[in-house]
Every structure is written in C-alpha cells, then in structure tokens.
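Below: the structure, in structure tokens.
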Amino acid sequence: MSLHTDHRALVAVAALGYLVLTLIIGILPAFEIQRTKPLADAPARTPEVSLGRQLYLDDGCGFCHTQFVRGLDMDRPYGRESLAADYAGEQPPLLGTQRTGPDLANVGIRQPSEIWHLIHLYNPRAVVPSSVMPAYPWYFLLKDEAAESDVVVPVPPQFVPPGKIAVASPEALAVVRYLQSLKQPEVPR
Amino acid sequence: MTQSTAELKQALPPGHEPETIRVIYAYFLAATFWLLIGTLYGLLAALKLYWPDFAVAEWLSFGRIRPIHTNTLLWGWSSIALVGLAMFVVSRTSKVRLWSPRLAMIALGLWNVAVLLGLLTLSVGISRGPQEYREWIWPIAVLFGAGVVLNGYNYYRTVAARTTREIYVSNWFILGAFCWMTILYATAYLPFYQGGLGNTVIQGYYMHNGVGMWFTPLILGITYYALPRMLGKPIYSYALGVLGFWTNMLFYTLIGAHHFIFSPVPWWLQTTAILFSVGMMVPVWSGSGNFFLTAHGSWAQVRRSYPLIFILVGVWGYALVSTQGTIEAFRTANVYWHFTNFTVGHSHLAMYGFVAFLVWGAIYGLLPRITGQSPSPSAIAIHFWLSFVGGSIYVLSISAAGILQGMSWVAGESFIASVEASAPMWLWRTVGGLLMVASHVVFAMNLWAMRPREISHEVREAVA
C-alpha cells in the first residue's frame with residue numbers, strides 16, 4: 001500500500017489523522033471546560049435581560065465589543081481578569097476578537113445610567129462626538145407628545161426632527177437592561 | 001477537419017468536455033456574482049466606520065453587514081471559485097472525465113441557495129451571534145455542508161477512476177481539503193461540547209482551520225497544477241509538496257487557540273498554539289519556496305504574463321501572511337496587536353493577497369485553455385493593478401490603524417483616543433476598498449470575455 005497510488009489509503013489517513021487532532025485540540029478540551037460552574041453570586045437573567053442579550057447577538061454588537069478582560073495593564077479599566085466561570089453556560093460566550101468599541105464585561109458597573117445608555121443607543125454621537133458606533137433610531141418611537149407610561153429619552157434637539165420627542169421602545173429598554181446587567185461577580189477568596 | 005462533433009467530443013482531452021466546461025464556468029460566474037455582492041457590503045462597512053451616520057437602516061447596520069461581508073466572500077466567492085478550479089485540476093491530472101458534472105451542478109445550487117439565505121437571514125437579524133464564520137443558523141449550514149460532501153464525493157470518484165498510476169500532489173491537497181472541511185464544519189456546528197468556554201475552544205479551532213484546512217489546501221492544490229502548466233515545466237520538487245501536505249495538517253490544526261491568548265482557555269492549549277504557529281513555517285516555506293523555485297529561471301516569461309504575475313504575487317502573499325501570523329501569535333506581539341484592526345489587515349492579506357490573487361492567476365491562466373477565449377491582455381493588466389494597488393492600500397492602512405490602536409491602549413489613553421487615531425486610516429482603507437471593488441468589476445467583464453462558446457478552434461485544431 002502506498003499513499004502515492006492508493007486513494008483509499010490517502011483519504012483514510014488524512015481524515016483519521018485530522019479527526020484525532022480535532023479530538024485532542026478541540027472536542028476533548030471543550031468537553032472538559034464546559035463543565036465549569038458559574039460563580040456563586042452570578043445573578044440569574046430576567047426575561048427582559050435575556051431579550052436584550054438576544055438583540056445584542058442579532059445586531060452583531062459583539063463584532064466590535066469584547067466581553068473579555070485580560071490580565072494586562074491596558075485592560076485594567078474594564079474590570080478584573082475574566083475567568084472561565086464568567087462564561088459558564090453561556091451560549092455563545094461573547095469574548096470577541098475585535099475591540100473597535102470598548103470592552104463591556106463590566107459595563108453595568110462602569111456606566112450604570114439608563115438615560116445615558118438610551119441616548120447613546122439612539123445616536124452615540126449625542127454623547128460621544130467622535131464615536132463611530134451605529135445609531136439605532138429604529139429602537140425608538142418619535143412622537144409629538146409622550147403618554148404617561150412612556151420612557152422619554154432626552155436626546156439633544158439637533159438629533160430629532162423639530163417638534164418630536166424620542167420614546168424608548170421595549171426593545172431599547174431590554175438592550176439597556178442587558179448592558180446594565182453586565183457586572184463581573186465577586187471572586188470568592 | 002471532416003470529423004463530426006460526436007467524434008470530436010470523444011477525442012477531447014479530459015476536463016474539456018462541453019458539459020464539464022459549462023459546470024466549471026457556472027462556478028466561476030456564481031463566485032464572481034458573490035464577489036461583487038460581498039465586496040459591496042465590505043465597502044459599505046468601511047464607509048460606515050468613517051461616516052457612521054451614512055445609510056442608517058436596520059438591515060444595513062454595521063453589526064449586520066459585517067458577517068454578510070465575510071460569509072458571502074468566504075463561502076460564496078472563495079469556496080465556489082476554488083472548487084470550480086479544483087474541478088478542472090482533478091479531471092486533468094487524473095486524466096479522466098469528471099465523475100458527475102450533474103452532481104457538481106446540484107452542489108453549486110445548494111451553495112448558492114445557502115449563501116443567498118445566509119445573506120437574507122443575517123440582514124433581518126437571524127443569526128447565531130458573533131461566532132465568526134459560523135453565524136449562519138444550522139439549516140443553512142446543512143445546505144452548505146451537503147454541497148461540500150457532494151463535491152468531495154464527486155472528486156473522490158474522479159480520482160478513483162484516474163488513468164494514471166500515481167495520485168498527483170494537487171489531488172492530495174484537494175481531497176484532503178474536502179475531508180478536513182467536512183470534519184471541521186460538523187465539529188463547529190454540533191452543540192454537545194459548546195457550553196460556555198467550550199464554545200470558545202471550538203471557535204479558535206474552527207476559524208483558524210477554516211483558512212488552514214479548507215482555503216489553503218484547495219488553493220495550494222490548484223497552484224501545484226496551474227503554475228507548472230502555465231510555465232510549461234514540472235514542479236521544482238514533488239517531495240516538498242508532500243512534506244507541505246503532512247506538516248500543514250499537523251501544525252495548522254493545532255494553532256487555533258492563538259486567537260484567545262491571555263484568555264481563560266487552558267494555558268497548555270494557548271502554548272501549544274504558539275509553538276505550532278512557529279512550526280507553520282515548515283509547510284509555508286516548503287510550499288511557497290517550491291513555487292518560487294519552479295518559477296526560477298523563467299522570470300522573463302513571468303514578466304510578460306499578467307496571469308503569472310497574479311500567481312507570483314499570490315505566492316508572496318502566502319509567505320508574508322503566514323510569517324506575519326506566526327509573529328502575531330507570540331505573547332509580546334499579541335499585547336500590541338490583539339483586538340486591533342491589525343487582525344483585519346492580516347485576514348485580508350490572507351484571503352485577498354494570497355487566495356484571491358492565486359485564484360485570479362489560475363482562472364486567467366487556465367480558463368482560456370478550455371474555452372479558447374481570452375480577454376485582452378490590457379484588461380487583465382487593469383484588473384491586476386487596481387487589485388494590487390487597492391489591496392496594498394487596504395492592508396497597509398488598516399494595519400497602521402491597528403498599530404495606532406494598540407499603542408494608544410498600551411499608553412493607557414481613554415478609549416476614544418484609539419478611535420480618533422484610527423479614523424484617518426479608516427478613510428484610506430475605504431479608498432483601497434474602492435479600487436478593489438473597481439478591480440472586481442473589471443474581472444467580471446474579463447470573465448465574461450472568457451465564456452465558453454462552441455468547442456474552441458484551438459481544441460479543434462489540436463484534435464484534428
């Protein structure tokens with residue numbers, strides 16, 4: 001049998017060899033690490049927070065925002081170093097590979113304000129002039145007058161048509177609840 | 001000259017049957033359609049990073065179009081073009097007809113449907129979240145995976161029916177690519193081990209192996225045929241090709257975790273990844289060195305032929321991008337470059353400077369031989385220079401943006417300072433992208449000029 005002349009042997013060796021390597025480097029370590037338990041005081045998600053996370057996934061926020069703090073000096077402003085337990089049970093976990101925007105692993109602590117997040121979501125340039133984050137105006141309703149139950153967003157006047165006010169939709173509030181929920185739990189000593 | 005068409009068809013060399021030519025050309029047409037769509041999305045994404053309030057709409061927001069750009073170009077353009085070229089290579093080097101042109105056509109249909117559905121679902125926000133290159137929901141992935149299996153089986157049967165004793169090295173790479181992609185794709189989508197960080201372990205494996213075990217072996221296999229064929233001389237070293245094959249499989253598979261250095265992914269996985277990233281120099285330089293040495297002594301011929309220039313630039317792209325990748329994997333370099341746009345430059349050097357340039361070289365070099373139709377040399381030259389200048393501006397400016405970002409973060413500046421520092425580079429990147437899009441329009445016109453008509457004069461004469 002020679003791999004140069006036997007196509008069956010060639011394909012079998014290439015496929016089996018790769019399968020073994022895949023088990024060693026991918027599947028077995030993945031099985032092992034998915035058993036990690038969450039930290040004791042990691043809070044459960046409310047349905048609203050879960051909806052917000054789903055919207056965060058669908059809109060691809062994680063292509064620009066990591067949730068992955070490394071043990072490096074430059075990552076210190078974002079929180080403590082991320083642990084395997086921080087991602088326990090997450091599907092998918094949102095570590096990310098690009099930081100075109102800042103890390104959000106602990107943004108619920110760093111920026112707790114609901115109003116700030118709503119204005120920022122409506123148009124980031126209303127609060128950070130040189131931001132390049134997309135505006136999400138479709139998460140808001142433009143009304144002439146607010147109803148009693150409406151959450152009115154105090155957007156600077158140049159960002160809304162004259163005479164209109166911006167009101168947060170349930171989706172906008174869900175995204176903000178999700179961002180506010182991103183707080184790194186304490187590591188027990 | 002008195003032969004009937006039926007006799008003529010019988011006498012055609014393998015790979016030149018009209019039904020095979022039609023399928024191969026259909027692959028190129030589909031691939032080029034997705035190339036145009038995918039790069040338009042890329043251009044829009046580039047524009048939005050400079051003018052974020054341009055074209056504000058839900059289905060055009062950055063987070064939605066970014067995965068459309070990457071998936072359309074990886075699966076729609078690169079995969080379909082590579083597999084179309086591989087079809088010709090498998091048949092020619094096995095000296096036998098393609099086992100089933102019909103099966104190849106069905107697989108192309110599945111892939112086109114998958115890419116289209118992927119584009120539509122991602123547009124409306126139906127997605128598996130930012131899991132790079134596996135954002136498509138599973139039913140679409142099943143369609144795509146079925147196309148991989150059908151094509152792989154078709155090529156396997158073709159090689160099995162070969163009339164040569166030895167399996168030419170191109171077919172090692174091509175059949176290998178189909179085995180590996182099948183395992184890789186299934187591993188990426190099966191859910192049993194993907195809770196929490198298990199998903200991240202698989203993500204690192206998958207996104208790296210997608211490049212290393214699918215696109216790379218396909219294009220290397222094609223180049224092992226196209227370059228010697230176009231130069232009219234044998235490959236420099238057959239053994240070096242076989243060495244490249246096995247080391248590519250061993251080293252490339254083990255390095256995915258270098259995308260998650262400093263993460264809570266087990267330390268041994270990260271260190272293994274870094275070590276084998278250095279090992280990658282073996283397959284990379286044995287492959288690219290083999291191609292350079294094959295071209296050695298024929299530089300006068302290369303200088304006169306834009307198809308060959310495309311190939312040689314692509315080989316340089318391969319050597320450069322892989323060496324760069326090894327350096328990026330070191331922890332010290334990773335501190336400066338990880339999370340930055342430097343990665344975006346790296347991936348474009350790979351899929352554009354390496355893969356796309358070799359694809360274009362091979363299409364320009366081989367397709368006229370089977371259809372008998374050539375575009376004008378100056379039209380190929382225009383394509384080359386637009387792609388080369390545009391791609392270079394793109395890669396240089398976005399890599400510079402990455403370096404500026406990394407320096408700003410290491411210096412401890414506020415985050416927005418890194419955005420402001422990158423902004424001028426993002427404008428340059430858009431300029432490069434514009435030239436790239438223009439070059440793709442020229443390529444589409446050139447492809448049309450190479451379309452098959454009847455059995456070509458060249459072939460007619462060769463047979464007569």
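Taken together, the values in this text are just the output of simple stated rules run on the coordinates, not laboratory data. Because the structure is a prediction, the values reported are computed rather than measured. Methodologically, a virtual Cβ is constructed for each residue, glycine included, from the backbone with ideal geometry; neighbour enumeration extends over all protein chains shown.
Summarising the amide proton neighbourhood of B:Glu132: residues at separation of 5 or more, or on other chains, whose placed amide H is nearer than 5 Å comprise an empty set.
Between B:Val242 and B:Ile416, the simple spin-label model (points 7 angstrom out along Cα→Cβ) gives 6.3 nm. Of all aspartates and glutamates in the structure, the ones whose alpha carbon falls short of 19 Å from that of A:Lys183, not counting any fewer than 8 places away in one chain, are A:Asp41, A:Glu48, A:Asp75, A:Glu81, A:Asp86, A:Glu90, A:Asp103, A:Glu114. Each of B:Trp180, B:Trp385, B:Trp136, B:Trp409 was scored by other Cβ atoms within 10 Å of its Cβ. Arranged with the fewest first, they read B:Trp385, B:Trp409, B:Trp136, B:Trp180.
The magnitude of the dipole of the range B:39-173, with charges of +1 and -1 set on the Cβ of Lys/Arg and Asp/Glu and taken from the Cα centre, is near 660 debye. Put simply, when A:140-150, A:5-15, B:310-320, B:74-84 are sorted by average Cβ atoms within 10 angstrom per residue, most first, you get B:74-84, B:310-320, A:5-15, A:140-150. Residue by residue along A:82-93, Cβ atoms of other protein chains within 10 Å of the local Cβ number 6 on average. Evaluated over the Cα positions of the protein assembly as shown, the convex hull gives a direction-averaged projected area, one quarter of its surface, of 29.9 nm².
Cβ crowding within 10 Å ranks A:Arg177, B:Arg64, B:Arg429 as A:Arg177, B:Arg64, B:Arg429, fewest other Cβ atoms first.
Any chance you could check the Cα centroid distance between the range B:114-159 and the range B:262-339 for me, in angstrom? What the calculation gives is 27 Å, centre to centre. Here's the list of lysines a cross-link from B:Lys95 could span, going by alpha-carbon distance under 17 Å and ignoring same-chain residues fewer than 8 apart: B:Lys9. The mean count of C-beta atoms from other chains within 10 Å of the C-beta of residues in B:414-420, rounded to a whole number, is 5. Less than 5 angstrom separates the built amide H of B:Asn341 from those of B:Gly402, all sequence-distant by 5 or more or on a different chain.
Protection proxy ranking, highest mean first, for peptides A:84-91, A:156-163, B:264-271: A:84-91, B:264-271, A:156-163, where packing is the per-residue count of other beta-carbon atoms within 10 Å, averaged. As a proxy for reagent exposure, B:Ser422, A:Ser113, B:Ser100, B:Ser127 were ordered by neighbouring Cβ count within 10 angstrom, fewest first; the result is A:Ser113, B:Ser100, B:Ser127, B:Ser422. In order along the range B:302-315, phi translates into HN-Hα couplings of 4, 4, 8, 10, 5, x, 5, 5, 3, 5, 5, 4, x, 5 Hz, rounded to whole numbers, per the Karplus curve 6.51 cos²θ - 1.76 cosθ + 1.60 with θ = phi - 60° and x for Gly and Pro.
In this simple spin-label approximation, A:Gln91 and B:Thr332 carry label points 7 Å from Cα along the Cα→Cβ vector, and these lie 4.3 nm apart. With θ taken as phi - 60° and the Karplus curve 6.51 cos²θ - 1.76 cosθ + 1.60 applied, the whole-hertz 3J(HN,Hα) list for the range B:190-203 is 5, x, 4, 10, 10, x, x, 5, x, 4, 6, 4, 5, 4 Hz, x standing for glycine and proline. Restriction of the trypsin sites (Lys or Arg not before Pro) in the range B:226-317 to DSSP coil positions whose beta-carbon has at most 12 other beta-carbons within 10 angstrom yields B:Arg304.
Where does the longest stretch of chain B lie that holds no GluC sites (Glu not before Pro) found in a DSSP loop with 13 or fewer other Cβ atoms within 10 Å? It works out to B:167-453. Bridgeable lysines around A:Lys164 (alpha carbons under 21 Å apart, same-chain partners fewer than 8 residues away excluded): A:Lys143. Under 15 Å from the Cβ of B:Glu166, count the other residues' Cβ atoms, weight Lys and Arg +1, Asp and Glu -1, and hand me the total. Charge balance near B:Glu166 sits at +4. Kindly list the residues of the range B:145-179 that lie in the label zone of A:Ser2, defined by a backbone N under 15 Å from the point 7 Å along the Cα-to-C-beta vector. Zone members listed by number: B:164-169.
Sequence-ordered 3J(HN,Hα) estimates for the range B:160-174 from the Karplus curve with 6.51, -1.76 and 1.60 and θ = phi - 60° stand at 4, 8, 4, 9, 9, 6, 7, 8, 4, 4, 3, 6, 4, 5, 5 Hz, glycine and proline given as x. Mean per-residue shielding of peptide B:402-408 is 1, counting Cβ atoms of other chains within 10 Å of each Cβ. Its relative contact order, with pairs defined as Cα atoms under 8 Å and 6+ residues apart, puts chain A at 24 percent.
Subtracting the Cα-Cα distance of A:Val187 and A:Glu32 from their residue separation scaled by 0.36 nm leaves 53.7 nm.
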